[in-house]
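Taking it in order: structure first as structure tokens, then the write-up.
The values are calculated or read from the model by the stated rules, or taken from the named source; none is laboratory data. Remember, predicted model here, so these are calculated numbers, not experimental data. Don't worry about glycine lacking a Cβ; one is built from the backbone with ideal geometry, like all the others, and counts go over all protein chains shown. Side chains are part of the model used for accessible areas, which takes the heavy atoms of the whole protein and leaves out ligands, DNA and RNA. Shrake-Rupley method; radii C 1.70, N 1.55, O 1.52, S 1.80 Å.
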Amino acid sequence: MVSSTCFQELAVLTGANVRLEPLTLRVLDDYMSALTDPETQRLTGTHASFEPSAVEHWIATRHEIPDRADWAVVRNADGVFLGEAVINDLDVDNESANYRIWLAGPHVFGCGYGTEATRLVVDHALDSAGLHRLSLGVYEFNPRARRVYEKCGFREEGRLRQSLRWEGGWYDEVLMAVLQGEPRTDQVPGAPVAEATTPG
């Protein structure tokens, strides 16, 4: 049975090139900069603007929320902030949750960081946290992200038709999910296994 406090002691997830650390004020400046990147806003369908004080408060309180996981994605080699990965909307009764990720801008796109971070989260959610289902939404104009999710085991389940209005056009949101026990196509024989550790 999944606990409502399953993310209270948030693990650090370590892969070959990226590390997922609990989101803290250490990355505040880079986080704020990424939130205003036009391409990141488009890919996430973000119309909102953000006050620095509100963002600072948001980050500072993430460790107080035991039923969600907020990670900063950082590069192992130099600790550079690459983006954010989140598990939220935990449904304890149905052992399910939502996943979302955004990267800090085009300068880190296409490097495999999103794929590796997503693999780490899927494995942690389904194998360690004990979730049965992890779902997400991705806009139809983001085929790169869809390929990433497919590589990590997500399957398309449906669409929210014309759910996003962006620069005068209407776009569908594609709904995807991965279930515990389903093949995760990223698991290649002989590939390195990501380690999960507690912060320290």
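Per-structure values
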quantity: Members of region 23-49 found to be open to solvent by 40 Å² or more (accessible area, probe 1.4 Å) and over 22 Å from Val138 (Cβ atoms), listed by number; calculated: Thr24, Leu25, Arg26, Asp29, Asp30, Ser33, Ser49
quantity: Region 72-94, subset open to solvent by less than 50 Å² (accessible area, probe 1.4 Å) and at positive phi, residue nearest to the chain's Cα centre (by Cα); calculated: Gly83
quantity: Where Glu56 falls short, out of the listed (1) farther than 20 Å from Phe154 by Cα; (2) open to solvent by less than 50 Å² (accessible area, probe 1.4 Å); (3) at pLDDT 95 or above; calculated: (2)
quantity: Segments classed as helices (runs of 4 or more DSSP H), wholly inside region 35-138, with at least 1 members that are within 19 Å of Leu179 (Cβ to Cβ); calculated: 113-123
quantity: Count - residues of region 59-71 that are open to solvent by less than 60 Å² (accessible area, probe 1.4 Å) and either in contact (Cβ under 8 Å) with a residue 12 or more places away in the chain or of a type outside the set (Ser, Thr, Tyr) (or both); calculated: 9
quantity: Filtered residue count, region 35-85, keeping only those that are touching a strand residue (DSSP E or B) at 6+ places or on another chain (Cβ under 6 Å) and of a type in the set (Gly, Ala, Ser); calculated: 5
quantity: Pair list, Cβ under 8 Å, 6 or more apart: region 138-164 residue open to solvent by less than 60 Å² (accessible area, probe 1.4 Å), other residue β-branched (Val, Ile, Thr) and in a loop (DSSP other than H, G, I, E, B); calculated: Cys152/Thr185; Gly153/Thr185
